[in-house]
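Please read the structure below before turning to the comments.
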Amino acid sequence: MFTYLAHASPLHRLNPTVKLLTMAAVGLAATFVYSPWVPGLLALGLWLTVALVGKVPWPRLLRWSGYMLLLPLPLMLFTALYTDLSRYPNPHVLWHWGPWTVATEGLVTALALGLRVLVFVSASLLFIATTDPTDFAVSLAQNLRVPYRFAYGVLVAQRFLPLLRRELEIIRLAHRVRGVGEGRGWRGQVERLQRYAVPLLAAALRKSQRTALAMDAKAFGAGPERTYFRQMPIRRRDVLFLALWLAYIAAVYAVAARLGPLNWMWIPE
Amino acid sequence: MTTTPAIEAQGLGVHYPRAPEPALDGLDLSVQPGETVLLLGPSGGGKSTFLLTLAGLIPHNLPARVWGRVRVLGVEPLRERPGALATRIGLLFQDPEASFATLVVEDEIAFGLENLRVPPAAMPRRITAALQAVDMLPYRHRRLDALSGGQQQRVALAALLAMGPPLLALDEPTAHLDPAATAAFFRTLKRLQGQHTLLLVEHRVDQALPLAHRVVLLGEKGRVLAQGPPWETLRRHRDAALAAGLWLPAALDPRAAWRAHHTTPLRYDPPAVALEDVHFAYTPEGPEVVRGVSLRVPQGDFLALVGPNGAGKTTVARLMLHLGLRPTAGRVRLFGEPVEHLSLEAITARAGFVFQNPEHQFVTERVADEVAYSLRARGVPEAQVRARVQALLRRFRLEAHAGQNPFRLSQGQKRRLSVATMLAVAPRLLILDEPTFGQDRNTAYALMDLLLELNREGVTIVMITHDTRLVRQYARHVAEMRGGRLHWWGPAEAWPAATRAGGDETADKRG
């Protein structure tokens, strides 16, 4: 759904590790408060950053925004219907039908949860869409001192996913042409997966073994250290990006605190 | 003057864990610096195992029991730590895509340098030199998955050259390349000969032989049958080479002059397949992969569908049966009926499609069940199923393996099984995607003879292939694709020269 977009933007030029930590901070800031204002303003900030600083083309951004808004809907619906209203002294019931009661309190909780999911998705989108996978792997090794074998594992996995998808598509067609009907319902799905699993696993194992051998033949893993063609230093602009986001988070908390309590459910008068 | 041999092996043996027999036993070989040695041997005969042992990958990275003596430029790979051989011997594999560790051309070249702990400042110059040596400098910043197969293989070669090994070992480097890319790859190798010792494993003897100083014929388990000057050695040991299933240069192959005599009557009322101005693109905005192909394949034809990688051959073949794809414009008729009006069952009853990799098509755990599958899925009575399976297994020489797991068959057996499964429901049309890929001479000819026999019984054959020799020998008509268009169509004997330069170099790798 969301993929890396290989164009030039200030977000692309940031150090991947700093970018990842900043997005983690934004995610955390949305985790521990119940006020819908905090995740709402954070999501808005992320969206504006992706659009204006990340230079994601408008048609794609609008399509992605559509997905992002749809994603939390099931969770929100569930929350709106099943919020435990006994915690509130006198809930503002709006609508009552059979076992379901919809109250203002439930709707606000649903909104807060939905916006929180929206923040997580937006932060992931910002990182994925603007981070070159190779830069990320190198940055993990250089900045976070992650063992380089692991960092390269991340990179090789990136390369393998499209290969395996292509393999799966061919296997699917090869089975279709045997006259094997596409089974219906979930039973059909399970049967089909079982049939695809063996050839797909065989292909994946063979491919990954070949890749490992080719890497080893080029002295990968020969020593505890290696050098890097790409350099991922932490520059002033990276620190500035982190600082600006921390300041924004603080400002969002301040605004939200003026509009209502931060750490418990907003109860209308 | 004594020089250290580039390669020295004495009584070398390798036994993989859990394998019933050793892969190599008693291999003796010596290669001098500057030599180009062509290694010929039966498939599964231990050639790849030998190269992996030279590079120290066996036993350090791929466990196996190793005995005997082996030296590479004076050092013993068995005693060195893993990776220590990388500056002495560069190992090139068959499938470039599976050998890449990175996503971009210059990162891939830098990868080996990084492992050798070359300072970053010294890298750009070495990357430039390596890319120049394989004519890939303009592609420095491209993504690897956007290159054609031939370009990918040259980048993989450059990645080895950057590390500066005097010895290059190449394991069927052109197996996945089309004739034009193969020719380009051999031109690159020819330039490298001066400064490098080359050990080449290759089935394409016609192209490889002119490069070789010496030919080594390997038999079972890597025993050297014969070695010496290329032509003389092959001429003298022709019978042994044929018995081992080796591909021989056209001038020495007893079947080279042979041509199938086609007598099957051709019927155009209706043709087996008719494409009318067919277009195809993967996405509405994307480029067209097939750009207006019109082609009629008469019933009883034996058609070779040829052309460079990425020309749209496989796409056209799939469009013939609406196999996961539908034309964006144009019409396809199968035995006179529009394909879009036919159900999947109706299509597969009329036509079979054999994929490049036979393993992709296996759906059961027994060879006999595999052949029976399509029949049982159609509710054919079990007595009839058994009789039909018996007959097919006999015809494809698989009776002895009826109870075996299809994945455990040899390459040749797997291929025969994948064709047999397609014939269970007796289709009138058989489409095959590179059916002889990776097969040795004997299994390839056995398969081609079977296809010819089927053709004589009235089955229309459409075969995608890069093997120009087989095209000339077996095909009745040739359809050549270039850049999504039908470039040439006509009787096989009128088909112009086989290897022509260009074509592949700018093509996208999708087809």
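The values are calculated or read from the model by the stated rules, or taken from the named source; none is laboratory data. If you're wondering where the values come from, they're calculated on a predicted model, not measured in any experiment. So basically every Cβ, Gly included, is an ideal-geometry build from the backbone, and we count neighbours across all protein chains shown.
Which of the residues that make up the range A:173-193 are of a type outside the set (A, V, I, L, M, F, W, C) and more than 10 Å from chain B (Cβ to nearest Cβ)? I'd like the intermediate steps shown before the answer.
From the range A:173-193, those of a type outside the set (A, V, I, L, M, F, W, C) are A:175-176, A:178-179, A:181-185, A:187-189, A:191-192; that's our starting set.
Passing the criteria: A:GLY183, A:ARG184, A:GLY185, A:ARG187, A:GLY188, A:GLN189, A:GLU191, A:ARG192.
Quick one: in the range B:73-87, of everything that is within 16 Å of B:ASN61 (Cα to Cα), hydrophobic (A, V, I, L, M, F, W, C) and surrounded by fewer than 23 Cβ atoms within 10 Å (Cβ to Cβ), which residue is nearest to the other protein chains (Cβ to nearest Cβ)?
Result: B:ALA84.
For B:GLU172, all conditions in the list (1) at positive phi; (2) in contact with a Phe, Trp or Tyr (Cβ under 6 Å, 6 or more places away or on another chain); (3) not small (Gly, Ala, Ser) hold save one; what is the number of the exception?
Failing condition for B:GLU172: (2).
Quick check on the range B:394-405. Is at least one of its residues within 13 Å of another protein chain (Cβ to nearest Cβ) and either of a type in the set (A, V, I, L, M) or over 24 Å from the mean Cα position of the chain (by Cα) (or both)?
no
Are any of the residues in the range A:214-231 part of a helix (DSSP H, G or I) and either at positive phi or more than 7 Å from every other protein chain (Cβ to nearest Cβ) (or both)? Full working, then the answer.
Kept after step one, since they are part of a helix (DSSP H, G or I), are these residues of the range A:214-231: A:214-217.
Keeping just the survivors that are either at positive phi or more than 7 Å from every other protein chain (Cβ to nearest Cβ) (or both) gives none.
No: the range A:214-231 contains no residue that is part of a helix (DSSP H, G or I) and either at positive phi or more than 7 Å from every other protein chain (Cβ to nearest Cβ) (or both).
Name the residues in the range B:124-138 that are touching an Asp or Glu at 6+ places or on another chain (Cβ under 9 Å) and buried (at least 20 other Cβ atoms within 10 Å of the Cβ), would you?
B:ILE127, B:LEU131
If you check A:ILE249 against the conditions, is it modelled with pLDDT of 85 or more, within 27 Å of the chain's Cα centre (by Cα) and surrounded by 15 or more Cβ atoms within 10 Å (Cβ to Cβ)?
Yes, satisfied.
Looking at the range B:331-379, which of the residues that are among the acidic types (Asp, Glu) and within 11 Å of another protein chain (Cβ to nearest Cβ) is nearest to B:LEU447 (Cα to Cα)?
Ranking the qualifying residues of the range B:331-379, first place goes to B:GLU359.
Given the structure, is A:ALA51 at pLDDT 90 or above, more than 16 Å from the chain's Cα centre (by Cα), part of a helix (DSSP H, G or I) and assigned by TED's automatic domain parsing to the domain that holds A:TYR253?
Yes.
Within the range B:422-439, identify whether any single residue is in contact with a Pro (Cβ under 9 Å, 6 or more places away or on another chain), crowded, with 20+ Cβ neighbours inside 10 Å and either farther than 19 Å from B:ARG318 by Cα or modelled with pLDDT under 90 (or both), and answer yes or no.
Within the range B:422-439 (the criterion being in contact with a Pro (Cβ under 9 Å, 6 or more places away or on another chain), crowded, with 20+ Cβ neighbours inside 10 Å and either farther than 19 Å from B:ARG318 by Cα or modelled with pLDDT under 90 (or both)), the answer is no, since none of the residues qualifies.
Among the residues of the range A:203-213, which ones are surrounded by fewer than 17 Cβ atoms within 10 Å (Cβ to Cβ) and within 7 Å of another protein chain (Cβ to nearest Cβ)?
Within the range A:203-213, just A:ARG210 meets the criteria.
Can you tell me which residues in the range B:328-346 are closer than 23 Å to B:ALA281 by Cα and part of a helix (DSSP H, G or I)?
Listed by number, the residues that qualify are B:VAL339, B:GLU340, B:HIS341, B:LEU344.
Taking only the range B:193-212 into account, find how many residues are closer than 12 Å to B:GLY41 by Cβ and either without any contact (Cβ under 8 Å) to a residue 60 or more places away in the chain or assigned to a loop (DSSP other than H, G, I, E, B) (or both).
Qualifying residue count for the region: 2.
What are the residues in the range A:92-124 that are farther than 13 Å from A:TYR34 by Cβ and either in contact with a Gly (Cβ under 8 Å, 6 or more places away or on another chain) or of a type in the set (Ser, Thr, Tyr) (or both), if any?
If the condition is that a residue be farther than 13 Å from A:TYR34 by Cβ and either in contact with a Gly (Cβ under 8 Å, 6 or more places away or on another chain) or of a type in the set (Ser, Thr, Tyr) (or both), then A:THR101, A:THR104, A:VAL119, A:PHE120, A:SER122, A:ALA123, A:SER124 are the ones that fit.
Check whether at least one residue in the range B:194-213 is farther than 23 Å from B:GLY438 by Cα, more than 15 Å from the chain's Cα centre (by Cα) and among the charged types (D, E, K, R), and report yes or no.
no
Restricting the range A:114-136 to residues that are part of a helix (DSSP H, G or I) and charged (D, E, K, R), which is nearest to A:GLY27 (Cα to Cα)?
Filtering first and then ranking leaves A:ARG116.
Listed here are the residues, each with its yes/no results for (1) surrounded by fewer than 24 Cβ atoms within 10 Å (Cβ to Cβ); (2) not in a loop (DSSP other than H, G, I, E, B).
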| residue | (1), (2) |
| --- | --- |
| B:GLY11 | yes, yes |
| B:ALA19 | yes, no |
| B:SER30 | yes, yes |
| B:LEU39 | no, yes |
| B:THR53 | no, yes |
| B:PRO59 | yes, yes |
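Return the total of residues in the range B:37-70 being free of Cβ contacts under 8 Å to residues at least 60 places away in the same chain, more than 14 Å from every other protein chain (Cβ to nearest Cβ) and among the hydrophobic types (A, V, I, L, M, F, W, C).
2
Does at least one position in the range A:149-168 carry a residue that is in a loop (DSSP other than H, G, I, E, B) and either in contact with a helix residue (DSSP H, G or I) (Cβ under 9 Å, 6 or more places away or on another chain) or over 21 Å from A:SER208 (Cα atoms) (or both)? Walk me through how you get there before you give the answer.
Filtering the range A:149-168 for residues in a loop (DSSP other than H, G, I, E, B) gives none.
No, every residue in the range A:149-168 fails to be in a loop (DSSP other than H, G, I, E, B) and either in contact with a helix residue (DSSP H, G or I) (Cβ under 9 Å, 6 or more places away or on another chain) or over 21 Å from A:SER208 (Cα atoms) (or both).
Looking at this structure, is A:SER35 of a type in the set (Gly, Ala, Ser), in a loop (DSSP other than H, G, I, E, B), out of contact with any Asp or Glu (no Cβ under 8 Å at 6 or more places or on another chain) and within 19 Å of A:ALA251 (Cα to Cα)?
Details: of a type in the set (Gly, Ala, Ser): yes; in a loop (DSSP other than H, G, I, E, B): yes; out of contact with any Asp or Glu (no Cβ under 8 Å at 6 or more places or on another chain): yes; within 19 Å of A:ALA251 (Cα to Cα): yes.
So A:SER35 fits the description; yes.
I'm told B:GLY90 meets every condition in (1) more than 24 Å from B:GLN411 (Cβ to Cβ); (2) assigned to a strand (DSSP E or B); (3) of a type in the set (Gly, Ala, Ser); (4) more than 12 Å from chain A (Cβ to nearest Cβ) except one. Can you identify the failing condition by its number?
Single failed check for B:GLY90: (4).
Considering each residue of the range B:347-358, count those that are within 18 Å of B:ILE464 (Cα to Cα) and either touching a helix residue (DSSP H, G or I) at 6+ places or on another chain (Cβ under 6 Å) or in a helix (DSSP H, G or I) (or both), and give that number.
Qualifying residue count, the range B:347-358: 4.
As an exercise: evaluate B:LEU319 against (1) out of contact with any helix residue (DSSP H, G or I) (no Cβ under 8 Å at 6 or more places or on another chain); (2) within 25 Å of B:ALA175 (Cα to Cα) and give the number of the one condition it does not meet.
Exception for B:LEU319: condition (2).
Name the pairs: first residue in the range A:144-158 and more than 14 Å from every other protein chain (Cβ to nearest Cβ), second residue of a type in the set (S, T, N, Q), Cβ to Cβ under 7 Å, at least 6 apart or on different chains?
A:LEU144/A:THR17
Determine whether B:GLU97 is among the acidic types (Asp, Glu), more than 9 Å from chain A (Cβ to nearest Cβ) and assigned to a helix (DSSP H, G or I).
Numbers: among the acidic types (Asp, Glu): yes; more than 9 Å from chain A (Cβ to nearest Cβ): no; assigned to a helix (DSSP H, G or I): yes.
The answer is no for B:GLU97.
Yes/no matrix, rows are residues, columns are (1) under 30 Å from A:ARG159 (Cα atoms); (2) of a type in the set (S, T, N, Q); (3) at pLDDT below 95:
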{"residue": "B:GLY46", "(1), (2), (3)": "yes, no, yes"}
{"residue": "B:PRO77", "(1), (2), (3)": "no, no, yes"}
{"residue": "B:LEU85", "(1), (2), (3)": "yes, no, yes"}
{"residue": "B:ILE89", "(1), (2), (3)": "yes, no, no"}
{"residue": "B:ASP107", "(1), (2), (3)": "yes, no, no"}
{"residue": "B:GLY112", "(1), (2), (3)": "yes, no, no"}
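The rows are residues; the columns are (1) closer than 19 Å to B:PRO427 by Cβ; (2) exposed (fewer than 15 other Cβ atoms within 10 Å of the Cβ).
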position: B:VAL367; (1), (2): no, no
position: B:GLU370; (1), (2): yes, no
position: B:ALA383; (1), (2): no, yes
position: B:ALA402; (1), (2): no, no
